[in-house]
Amino acid sequence: MAAAIREAHPDLEVELIGGGRGDFIVTLGQQRVWDKKGADGGFPGHDQVLERLAALR
């Protein structure tokens with residue numbers, strides 16, 4: 001996922017932070033793009049995260 005974000009948005013800083021208990025959260029600044037344990041539920045496909053990032057930029 002990090003590589004896909006870097007390729008599609010080379011100007012963004014991508015940071016991987018180890019979590020626990022199956023956490024998977026993608027943020028852009030202070031805004032949540034995807035939260036596996038939130039309303040989104042489950043792991044996204046690359047295209048889902050990239051579409052949301054593009055819409056927020």
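Every number here is computed from the coordinates shown, using simple stated rules; none is lab data. Remember, predicted model here, so these are calculated numbers, not experimental data. Quick reminder, even Gly has a Cβ in these numbers, built from the backbone with ideal geometry, and neighbours come from all protein chains shown.
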Report task. Determine if segment 11-27 includes at least one residue that is assigned to a loop (DSSP other than H, G, I, E, B) and touching a His at 6+ places or on another chain (Cβ under 7 Å). Result -> no
Report summary line: Scanning segment 17-55 residue by residue, those loosely packed, with under 10 Cβ neighbours inside 10 Å and of a type in the set (A, V, I, L, M) turn out to be Ile17, Ala39, Ala55
Report task. Might you check whether a residue that is in contact (Cβ under 8 Å) with a residue 40 or more places away in the chain and touching a helix residue (DSSP H, G or I) at 6+ places or on another chain (Cβ under 8 Å) occurs anywhere in segment 17-33? Result -> no
